[in-house]
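Report on the following structure.
The values are calculated or read from the model by the stated rules, or taken from the named source; none is laboratory data. On a predicted model such as this, the values are computed, not experimentally measured, just so you know. Positions of Cβ are backbone-derived with ideal geometry, glycine not excepted, and every protein chain shown enters the neighbour counts. Remember, those area values only see protein heavy atoms, side chains included, never the ligands or the DNA or RNA. Shrake-Rupley method; radii C 1.70, N 1.55, O 1.52, S 1.80 Å.
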Number of protein chains: 2
Amino acid sequence: MLTKDEIIATMSAQGLRITDQRKTLATLFSENEGYLSPKDVYEYMGKKYSGLSFDTVYRNLRVMQDLGVLEQVSFEDGMKFKVSCNEHHHHHHMICLSCQKTLPISFCPMQMTDPTDQFQIVEHKFEIFGYCKDCQQKNGHTESKSDGGFRQTSSHTHSHGGY
Amino acid sequence: MLTKDEIIATMSAQGLRITDQRKTLATLFSENEGYLSPKDVYEYMGKKYSGLSFDTVYRNLRVMQDLGVLEQVSFEDGMKFKVSCNEHHHHHHMICLSCQKTLPISFCPMQMTDPTDQFQIVEHKFEIFGYCKDCQQKNGHTESKSDGGFRQTSSHTHSHGGY
DNA sequence: ATTCATGCAAATTGTTTGCATGCAA
DNA sequence: TTGCATGCAAACAATTTGCATGAAT
């Protein structure tokens with residue numbers, strides 16, 4: 001993941017001004033491995049900046065995502081942001097359903113071309129959801145399938161069959 | 001995919017009333033393999049029902065998704081709905097970036113357990129995006145990576161490397 | 001006849017935009 | 001000092017809710 005300094009350096013290199021808010025944003029995202037909603041960010045920042053406005057949060061999130069220091073992902077309950085990986089090789093993610101931490105995995109199932117040849121493949125998505133070591137211990141998530149946590153999209157989420 | 005009659009039968013079996021609008025919804029989704037936004041549905045239905053209101057569309061989409069006859073997926077540009085697959089085995093999807101048609105694929109990359117053993121795996125998502133045969137011919141989508149079509153989430157969408 | 005579905009209006013929430021002021025460079 | 005960043009207000013879009021009426025059972 002990008003560090004705070006890498007984030008700031010990138011923004012500065014692109015001609016953006018390094019305001020105090022943006023420093024705080026860089027810190028927040030570099031120290032938090034999970035996904036954050038605009039509201040999460042607003043509430044966190046609001047503790048430090050009394051007159052904070054939502055539109056500035058949105059603007060900065062947008063700017064940082066355009067710059068590539070943040071990644072934007074749409075979840076069922078809206079858009080969320082996380083700091084970009086700086087790994088330059090192709091990789092996928094394991095996402096914790098409890099703390100939303102994401103771990104990169106280098107395994108990619110997409111080595112083959114489409115066996116049916118029906119499709120011109122452009123891109124793919126492969127994500128694993130579960131509970132990370134920390135959250136397994138903290139919350140005793142040993143039952144699995146507890147529906148409490150959020151989850152990305154509902155596509156074929158209904159459990160037909162094992163994994 | 002579920003047929004119109006299967007959709008209606010399911011709704012009826014659950015005690016829902018089969019109104020004319022709901023019949024039309026069943027027809028619309030059973031005859032359309034792609035994802036539809038609430039607005040898409042509203043506009044289509046509006047042609048037939050002059051006084052149609054948006055909230056009824058939302059209510060029916062919600063009801064049908066709760067019943068399991070529709071699947072709801074969050075895209076970058078909002079929620080979309082498609083008729084459920086009635087295939088009961090575990091499977092994944094290839095989604096056309098042009099017409100949004102979805103084809104089931106039986107290949108599942110998730111046969112192995114987590115090699116790093118860091119994660120208690122609960123579920124996973126594997127989706128392939130591209131252009132189906134029809135759209136390749138119609139639109140000459142041979143270049144690939146044209147950014148015109150919609151695309152689900154932006155997670156590791158930035159193209160670093162091949163597949 | 002009962003109960004649920006619908007339309008209407010309004011409320012809520014999420015997000016964007018225009019403009020004047022303030023601050024980083 | 002100059003232009004971008006911010007706060008404020010307002011616009012806009014997506015979605016939900018309360019209530020009275022109408023239709024399916």
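Structural remarks
- Counting, for every residue in B:77-86, the Cβ atoms of other protein chains within 10 Å of its Cβ and taking the mean gives 1.
- Remark: region B:1-110 carries 48 Å² of accessible area per residue (probe radius 1.4 Å; ligands, DNA and RNA excluded).
- Built amide H within the under 5 Å cut-off of B:VAL122, gap 5+: A:PHE129, A:GLY130, A:TYR131
- Of B:LYS48/B:LYS133; A:LYS138/B:LYS80; B:LYS80/B:LYS138; A:LYS48/B:LYS39, those spanning more than 29 Å from alpha-carbon to alpha-carbon: B:LYS48/B:LYS133; A:LYS138/B:LYS80; A:LYS48/B:LYS39
- Cβ neighbours within 10 Å from other chains - mean over A:66-72: 2
- Taking 20 °C and 1.002 mPa s as conditions, region B:27-104 diffuses translationally at an estimated 162 µm²/s according to Stokes-Einstein applied to its Kirkwood radius (Cα pairs).
- Axis-nearest residue of B (beta carbon) for the B-onto-A rotation, whole Å: B:PRO109, 1
- Heavy atoms of chains A and B lose about 5400 Å² of accessible surface on contact, summed over both sides with a 1.4 Å probe.
- Nonlocal amide H pairs with B:LEU70, under 5 Å, H built at 1.01 Å: B:GLN65, B:SER84
- Computed over region A:1-69, Kirkwood Rh from alpha-carbon pairs, angstrom: 12.1
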